[in-house]
Amino acid sequence: EPEVTQTPSHQVTQMGQEVILRCVPISNHLYFYWYRQILGQKVEFLVSFYNNEISEKSEIFDDQFSVERPDGSNFTLKIRSTKLEDSAMYFCASSGDRGAPYNEQFFGPGTRLTVL
Amino acid sequence: GESVGLHLPTLSVQEGDNSIINCAYSNSASDYFIWYKQESGKGPQFIIDIRSNMDKRQGQRVTVLLNKTVKHLSLQIAATQPGDSAVYFCAEKVGTYKYIFGTGTRLKVLA
């Protein structure tokens, strides 16, 4: 069964450093998402991406964040200058075209980001 | 991916009993709702969804009920099994491709 994959599983970085979190969505999907989950809290929407541009973003997704689909398979989230409060689990998700936007999103296993 | 929360509501049920998990949503204009299951160390997993033009939708062992009047969503799991132990989140679509998740409920199935 196709699945969303994410790398790395755990990323440790120093405050102020740039990080890039990588995702490989399901191959025929067209809609891509990033979410985060701070330990002990709920899942929070960051951004949705379709047709090579951002569809919607939350208040969390400020100028420090950017997303890119550099090729036909990867979808990345970049945090330019990490802060301590960026420490969280980051989930990538993707969904297909059929029934969009009322259709299932498939989530990856997440990348745990720890900012020291 | 574990949502470990000291303040996470917990529902404990006996194996074989039915479970009901509730969720209050915020936006009266939301037209699509989803229930997710999150097991320890994993990402959220889609369980069932419902659009706002429906009051009830059934899947395999799961039923979602939507009460738009009071902005309430519930997930019913029939004959709860140990494998159902997880954190359950509701989510509402608040934009074309934007979603808000609820705080989650931890379901513990007692043998």
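The table that follows gives values for the structure above.
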quantity: Kirkwood-Stokes translational diffusion coefficient of the protein assembly as shown, alpha-carbon pairs, 10 °C, 1.306 mPa s, µm²/s; calculated: 88 µm²/s
quantity: Under-5 Å amide H pairs with B:I48, H placed in peptide plane, nonlocal only; calculated: B:W35
quantity: Fraction in percent of alpha-carbon pairs per bin - 5 Å, chain A; calculated: 2, 12, 23, 26, 20, 10, 4, 1, 0
quantity: For q = 0.09, 0.12, 0.21, 0.23 Å⁻¹, Debye-computed log10 I/I(0) when each Cα of chain B counts as one equal scatterer; calculated: -0.21, -0.38, -1.15, -1.34
quantity: Segment B:15-69 - Rg and Dmax from Cα coordinates, angstrom; calculated: 12.5, 37
quantity: 10 Å Cβ neighbours from other chains, averaged over peptide B:94-105; calculated: 6
quantity: A:E1-A:S73 FRET efficiency (beta carbon distance; Förster radius 22 Å; 0.05 resolution); calculated: 0.80
quantity: Surface accessible to a 1.4 Å probe, B:H72 within the full protein complex, Å²; calculated: 60 Å²
quantity: Stretch in chain A that is longest and holds no trypsin sites (Lys or Arg not before Pro) that DSSP places in a loop and that have at most 15 other beta carbons within 10 Å; calculated: A:1-79
quantity: Average beta carbon contacts from partner chains per residue of B:38-48, 10 Å cutoff; calculated: 5
quantity: Rounded accessible area per residue of segment A:26-66, 1.4 Å, Å²; calculated: 50 Å²
quantity: FRET efficiency estimate (nearest 0.05) - Cβ-Cβ, B:K42 to B:D17, R0 30 angstrom; calculated: 0.75
quantity: In order through segment B:81-86: 3J(HN,Hα) via Karplus (6.51 cos²θ - 1.76 cosθ + 1.60), integer Hz, x for Gly, Pro; calculated: 10, x, x, 7, 4, 4
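The values are calculated or read from the model by the stated rules, or taken from the named source; none is laboratory data. These numbers were taken from a predicted model, which means no experiment stands behind them. Neighbour counts are summed over all protein chains in view; Cβ atoms, including those assigned to glycine, are modelled from backbone coordinates with ideal geometry. Surface areas here come from the heavy atoms of the whole protein model, side chains and all, with no ligands, DNA or RNA. Shrake-Rupley method; radii C 1.70, N 1.55, O 1.52, S 1.80 Å.
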